[in-house]
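Scroll down for the structure; my scribbles are underneath it.
The values are calculated or read from the model by the stated rules, or taken from the named source; none is laboratory data. Since this is a predicted model, take the numbers as computed values, not measurements. Surface areas here come from the heavy atoms of the whole protein model, side chains and all, with no ligands, DNA or RNA. Shrake-Rupley method; radii C 1.70, N 1.55, O 1.52, S 1.80 Å.
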Amino acid sequence: MMADNVIPFRKRRNPKPDKRPKRNPSSPTALIAVVSVAAALAAVYTYFSLPGSPAHASAFARCGIIRQNCVVDGDTLYVSGEKIRVADIDTPEISEPKCASEKALGERATERFIELVNAGPFQMQAWPERDEDKYGRKLRVLVRDGRSLGDILVSEGLARTWIGRREPWC
């Protein structure tokens, strides 16, 4: 026996037809759209990867998430996504300093290094003894107008000439 407020469920005999036209995912229109998007992405990537493109002409800032053209500290930077260790100098650490004065001097060296790399074009010369350090960073001397940018930091008291090993800053 059925209650008066209950409606019996019945399956619909003839389902309503779908009024939307069915699209074939392999249609020429879909293929053209996918190929167009891929070509546009490839063009953008190529444009920003070429020497002299805006990515290479952009200003260096402190590194963040994107490590394209940025400064890590007073003697390490990324150029076009490649990590470079300035080979002719050593600057105080900012990530794991041994004392407050090392941290402060390291911050000053980093800020000055950012100014120097943004002051105009520079060349990167290979270090004569090795191409990479033990961390996989390319060892390079940064030169502008025949003068090492590292030598400028040394002359300003913000770095030491590299002697083959680290010396304490504290």
Would you rank 167, 129 by solvent-accessible area, highest first, keeping every protein chain in place and using a 1.4 Å probe?
-> 129, 167
Rounded to the nearest 10 Å², the accessible area of residue 169 at probe 1.4 Å | 50 Å²
Accessible area of segment 110-152 divided out per residue, in Å², using a probe of 1.4 angstrom | 60 Å²
